[in-house]
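Worksheet: one structure, shown below.
The values are calculated or read from the model by the stated rules, or taken from the named source; none is laboratory data. Because the structure is a prediction, the values reported are computed rather than measured. Note that we place each Cβ from the backbone using ideal geometry, even for glycine, and neighbour counts take in every protein chain shown. The protein model used for the area step is the full one, side chains on, heavy atoms only, and it has no ligands, DNA or RNA in it. Shrake-Rupley method; radii C 1.70, N 1.55, O 1.52, S 1.80 Å.
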Amino acid sequence: MSATAVLIALAIGLVAGVLSGIFGIGGGVVMVPAMVFFLGYSQKTATGTSLGALILPVAALSVIQYAKAGHLEVRTSLLLAAGIFIGSLAGAKVALGTGDQTLRRLFAVLLVATAVRLVVAS
């Protein structure tokens, strides 16, 4: 894995962590599309790797299945997890200092932007 890919994976994890702390999202909405677009992973590998980052708290059994099928990048999963660990604290602090209506609007913008990007990239 190149130094650039390591930095991208850490950045994706950090952004996912911040957004997780603010909106309660991260894996499917943030990390999977980001790994497809920025790291060039297939949808299945991005999904498996995202789950790998969340393995202990969420999806141990599904990660095993993705790994058996060859769709898990363990190192990237660990880098994403490191970013999530730090970013979710920052995101939580931002969310707690932000009004509910502002958070709802920001989340709506994020979802629309994600949807447009997915449609355009298809």
Using the crude model of +1 on Lys and Arg Cβ and -1 on Asp and Glu Cβ, and no other charge, please compute the dipole size for the chain relative to its Cα centre, in debye to 20.
80 debye
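Show 22, 12 ordered by accessible area, largest first, where the area counts protein heavy atoms only and the probe is 1.4 Å.
Numbers: 22 35, 12 15 Å².
The ordering from most to least exposed comes out as 22, 12.
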Cut-off 10 angstrom, C-alpha nodes, Gaussian network model of the chain. Which of 18, 63, 74 fluctuates the most?
74
Have a look at 68, 44, 93 and tell me which one the Gaussian network model of the chain (Cα, springs below 10 Å) gives the largest fluctuation.
68
Which one of 62, 50, 77 has the biggest mean-square fluctuation once the chain is modelled by GNM with Cα springs under 10 Å?
62
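Quick check on the chain: take the gyration tensor over C-alpha atoms, sort the square-rooted eigenvalues as a ≥ b ≥ c, and tell me if it's rounded (a/c under 1.5), prolate or oblate.
Working: a/c = 1.81, a/b = 1.45, b/c = 1.25.
Because a/c hits 1.5 or more and a/b exceeds b/c, the chain counts as prolate.
When only the heavy atoms of the protein chains count and the probe is 1.4 Å, how do 45, 102 rank by accessible area, highest first? Intermediate results must be reported in sequence, preceding the final value.
Working: 45 20, 102 70 Å².
Correct descending sequence by accessible area is 102, 45.
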1/(1 + (r/R0)^6) with r = Cβ-Cβ of residue 3 and residue 89, R0 = 22 Å, i.e. FRET efficiency to nearest 0.05, evaluates to 0.30
HN-Hα J couplings of segment 23-34 from phi, Karplus 6.51/-1.76/1.60, θ = phi - 60°, integer Hz, Gly and Pro as x?
10, x, 10, x, x, x, 8, 10, 5, 4, x, 5
How high is the relative contact order of the chain? Use alpha-carbon pairs under 8 Å, at least six apart in sequence, and give a whole percent.
35 percent
